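*Asks:* I am attaching a structure below and will ask some questions about it afterwards.
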Amino acid sequence: MSEQRALKRGFVLEATKVEMKVDKLLSEAEALERVKKGDRKACQIIVVKYMKRAYYICLSFAHNSEDALDISQEAFIRAFRKINRFDTKKPFFPWFYRLMRNLCLDYLKRSSQRAEIPLEEAESLGANAIINVRFTTSMIMQSASEILAYGTAVVVE
């Protein structure tokens with residue numbers, strides 16, 4: 001058996017990863033009706049359809065790939081929580097875009113209220129300084145040992 005399989009819509013998944021079996025291609029409205037009834041596979045169909053587009057829109061606001069991923073994921077979570085308010089007779093993406101845009105604007109507002117200080121500059125402020133610094137998750141993991149070594153307290157919000 002081949003290690004990759006091509007699906008009807010051109011998606012290729014490795015055989016070891018999650019596979020989505022769809023007997024027929026659902027319209028967006030049908031998938032959204034199923035989402036309203038709690039069908040997780042229908043959620044997956046919507047996410048797969050819009051995840052790339054959502055990521056790049058969030059990236060255009062955030063200018064940071066990790067934050068764009070976080071914002072786009074949060075947008076899908078909020079959309080599915082509020083899906084009962086959505087009218088399935090209307091297109092999904094304009095409604096989803098408005099929700100996602102508002103999350104991006106909230107992100108920009110929050111990030112503009114914080115000062116970002118590179119770790120190298122934070123070292124010069126002294127060993128006991130408390131610094132509010134916004135790091136991405138990967139930066140925190142990479143810098144954890146350095147932070148402890150310098151004795152600098154970092155508050156991550």
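*Asks:* Restricting the first residue to segment 48-76 and requiring it to be polar (S, T, N, Q), which pairs with a second residue that is not in a helix (DSSP H, G or I) meet a Cβ separation below 7 Å and a spacing of at least six or different chains?
*Replies:* Taking only residues 6 or more apart or on different chains, the pairs are Asn64/Thr136.
*Asks:* Another question about this same structure. Condition first: surrounded by fewer than 17 Cβ atoms within 10 Å (Cβ to Cβ), modelled with pLDDT of 75 or more and over 19 Å from Arg40 (Cα atoms). Can you find one or more residues in segment 111-134 that meet it?
*Replies:* Among the residues of segment 111-134, at least one is surrounded by fewer than 17 Cβ atoms within 10 Å (Cβ to Cβ), modelled with pLDDT of 75 or more and over 19 Å from Arg40 (Cα atoms), which makes the answer yes.
*Asks:* Taking the stated definitions as given, is Asp67 surrounded by 18 or more Cβ atoms within 10 Å (Cβ to Cβ), acidic (Asp, Glu) and part of a helix (DSSP H, G or I)?
*Replies:* Values: surrounded by 18 or more Cβ atoms within 10 Å (Cβ to Cβ): yes; acidic (Asp, Glu): yes; part of a helix (DSSP H, G or I): yes.
Yes.
The values are calculated or read from the model by the stated rules, or taken from the named source; none is laboratory data. In this text, all values refer to a predicted model and were calculated from it rather than measured experimentally. With ideal geometry, Cβ positions are generated from the backbone for all residues, glycine too; neighbour counts draw on all protein chains shown.
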